[in-house]
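Peer 1: The structure that follows is given in the form of structure tokens.
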Amino acid sequence: MAAAGQLQAGNLGAIIASVVLLGLGGVLFLMGSLFVANVRQSAKARELAEQARKDARQRQDASRVQDLRPLLDAASGDTASQGIRLDIQLPPEAVPVLAIEAELRELLAKVTAYAASVMRAGATLQVSAHAQGEQAVIHWRDLDAVDARPPLARFFDGSHAAAASAAARACERIASHHGGRIYSAPHAGGVLGLTLRLPLLQA
């Protein structure tokens, strides 16, 4: 009888030991999985950071001094065919920024195209550029708008069709890549329009 009890106790002890070992193995496996996941995440983060630095270097190498005035003249294109008129107001002095010309042209073209798509036929889009402190400023506004917040100023509302929303996001990315921002704002006491601010190159 005593031998049977000892045998049962031994079996129970073996079972408990097995359960403990399985639990310990599970914990070790989980810790190992977490360690591997952390190593992979760290490596991925380093890759992304290195790619970001590489992209920044490439963008810096591709950037050149740009005067905003001829870019705005070129961005006007044939607005008559788009159903709106353009009133460009530029200062006599240069408004220089360090930028990738193709990307700035893309931003200006997207804003003009959006304006033509939301302004009424025959309306006038005023585009002004000037230096303000350490910033170069471009402002677009609908001179014929009657609402306090006209369609032109709602470029970044996210309530447009997919194409317009994609254009707005692209403009925000380009502005950000150049150390600036583009947003809805009033100018010279007028209704809300769009304002682009970029770092101004000082003489």
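Peer 1: Go through region 118-132 and give me each residue that's hydrophobic (A, V, I, L, M, F, W, C) and part of a strand (DSSP E or B). So that I can check it myself, show each step before the final result.
Peer 2: Restricting attention to region 118-132, the residues satisfying the condition of being hydrophobic (A, V, I, L, M, F, W, C) are 118-119, 121, 123, 125, 127, 129, 131.
Hits for region 118-132 are Leu125, Val127, Ala129, Ala131.
Peer 1: Can you name every residue in region 147-163 that is open to solvent by 70 Å² or more (accessible area, probe 1.4 Å) and touching a residue at least 40 places away in the same chain (Cβ under 8 Å)?
Peer 2: Asp147, Ala148, Arg149
Peer 1: Here are some residues: Val97, Val127. Which one is surrounded by 19 or more Cβ atoms within 10 Å (Cβ to Cβ), in contact with a Phe, Trp or Tyr (Cβ under 6 Å, 6 or more places away or on another chain) and in contact (Cβ under 8 Å) with a residue 24 or more places away in the chain?
Peer 2: Val127
Peer 1: If you check Arg181 against the conditions, is it modelled with pLDDT under 95 and of a type outside the set (A, V, I, L, M)?
Peer 2: Working: modelled with pLDDT under 95: no; of a type outside the set (A, V, I, L, M): yes.
So Arg181 does not fit the description; no.
Peer 1: With the condition kept exactly as written, say whether any residue in region 97-115 is under 28 Å from Leu200 (Cα atoms), charged (D, E, K, R) and either at pLDDT below 80 or not in a helix (DSSP H, G or I) (or both). So that I can check it myself, show each step before the final result.
Peer 2: Going residue by residue through region 97-115, those that are under 28 Å from Leu200 (Cα atoms) are 97-115.
Retained after the next criterion (residues that are charged (D, E, K, R)): 101, 103, 105-106, 110.
Still in the running and either at pLDDT below 80 or not in a helix (DSSP H, G or I) (or both): none.
Taking every residue of region 97-115 in turn, none turns out to be under 28 Å from Leu200 (Cα atoms), charged (D, E, K, R) and either at pLDDT below 80 or not in a helix (DSSP H, G or I) (or both).
Peer 1: Within region 133-203, considering only strands (runs of 3 or more DSSP E) that don't extend past its boundaries, which have at least 2 residues that are more than 19 Å from the chain's Cα centre (by Cα)? Can you show your working first?
Peer 2: Values: elements: 135-142, 181-185, 193-199.
Filter on region 133-203 gives 135-142.
The values are calculated or read from the model by the stated rules, or taken from the named source; none is laboratory data. Here the structure is a predicted model, which is why all the values come from computation and not from measurement. Neighbour counts run over all protein chains shown; Cβ positions are idealised from the backbone, glycine included. Remember, those area values only see protein heavy atoms, side chains included, never the ligands or the DNA or RNA. Shrake-Rupley method; radii C 1.70, N 1.55, O 1.52, S 1.80 Å.
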